[in-house]
Amino acid sequence: MADPKQQILDQLRQQAALQNARALVEKLNEHCFERCVPKPGTSLSSSETTCYQNCMEKYMAAWNTVSKQYLGQIQKGVGGGSAGAFGGM
Amino acid sequence: MDNALGSLSPESLQSLEKLSPREKQELGQMAMQEVQKVQIQQTIHSLTDMCFKKCITSRISSGKLDRSEEPCMQNCVDRYMDANMTVIRHLEQLRQGS
C-alpha cells in the first residue's frame with residue numbers, strides 16, 4: 001500500500017485543484033454572462049456564443065497574466081503577505 | 001479549504017491515526033503549504049475578478065488580451081500590491097504611535 005501521508009496529501013491537492021477549477025468557471029461565467037448576454041432571449045444567439053467563446057479565452061488569459069504577475073511579485077517579497085516564495089504553481 | 005478534512009476518504013482518516021507523531025508533524029507542515037497555495041490561488045481569483053472589470057471595458061471581439069489590456073492587468077496587480085503595502089505601513093504607524 002502507498003505511503004498514507006502521501007495519499008492524504010494527494011487527496012488534499014486534488015480537492016484544491018477541483019476547487020480552483022470551480023472558482024475559475026464560476027467567475028468566468030459571471031463576467032461573460034454579464035458582458036455577452038445583456039438581454040437574455042429565448043436562446044443563445046450565434047453572436048452571443050461567439051462573444052462567450054472570446055470572453056472565456058480572454059478571462060483565462062487574464063487569469064494567467066495575473067498569476068504570473070502576482071507570483072512574480074510575491075517571489076520578490078513585495079506585498080509583505082504571509083505567503084512565502086514557492087514555485088510549481 | 002474548510003472542508004478539506006471532511007473530504008478525506010475514511011481509509012485515509014484511519015491511516016491518519018496510525019501515523020507516528022513525527023509523521024503527523026511532517027504531514028501537518030506539508031498540509032499547511034497546501035493551504036498557503038490555496039490562499040494564493042484565491043488571491044489570484046479575486047485579483048483577476050477585480051482587474052478584469054477595470055481593464056476589459058471595450059467590446060469583447062477577440063480571445064486574446066489586446067495591447068492595452070495586458071499591461072493594464074499587470075499594472076492592476078502591481079498597484080493592488082502597492083495599495084496593500086500602504087495599508088500595512090499605515091497600520092504599523094498607528095500601532096507604534098499608540
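The values are calculated or read from the model by the stated rules, or taken from the named source; none is laboratory data. Quick caveat, the model's predicted, so the values are computed rather than measured. Neighbour counts run over all protein chains shown; Cβ positions are idealised from the backbone, glycine included.
Scanning segment B:80-98 for residues that are among the polar types (S, T, N, Q) and surrounded by 11 or more Cβ atoms within 10 Å (Cβ to Cβ) yields one hit, B:ASN84. The single residue among B:ILE40, B:ILE56, B:ILE88, B:ILE44 that is closer than 30 Å to A:SER46 by Cα, modelled with pLDDT of 95 or more and at the interface with another protein chain (Cβ under 10 Å from one of its Cβ atoms) turns out to be B:ILE56.
Evaluate segment A:39-58: report whether one residue or more is of a type outside the set (Asp, Glu), assigned to a loop (DSSP other than H, G, I, E, B) and touching an Asp or Glu at 6+ places or on another chain (Cβ under 6 Å). So far as segment A:39-58 goes, no, none of its residues is of a type outside the set (Asp, Glu), assigned to a loop (DSSP other than H, G, I, E, B) and touching an Asp or Glu at 6+ places or on another chain (Cβ under 6 Å).
Which one is surrounded by the most Cβ atoms within 10 Å (Cβ to Cβ), of the residues in segment B:52-79 that are in contact (Cβ under 8 Å) with a residue 12 or more places away in the chain and touching an Asp or Glu at 6+ places or on another chain (Cβ under 7 Å)? Result: B:ILE56.
Given A:ALA16, A:ALA23, A:ALA62, which one is modelled with pLDDT of 90 or more, in contact with a helix residue (DSSP H, G or I) (Cβ under 9 Å, 6 or more places away or on another chain), surrounded by 14 or more Cβ atoms within 10 Å (Cβ to Cβ) and under 30 Å from B:SER20 (Cα atoms)? Exactly one of A:ALA16, A:ALA23, A:ALA62 is modelled with pLDDT of 90 or more, in contact with a helix residue (DSSP H, G or I) (Cβ under 9 Å, 6 or more places away or on another chain), surrounded by 14 or more Cβ atoms within 10 Å (Cβ to Cβ) and under 30 Å from B:SER20 (Cα atoms), namely A:ALA16.
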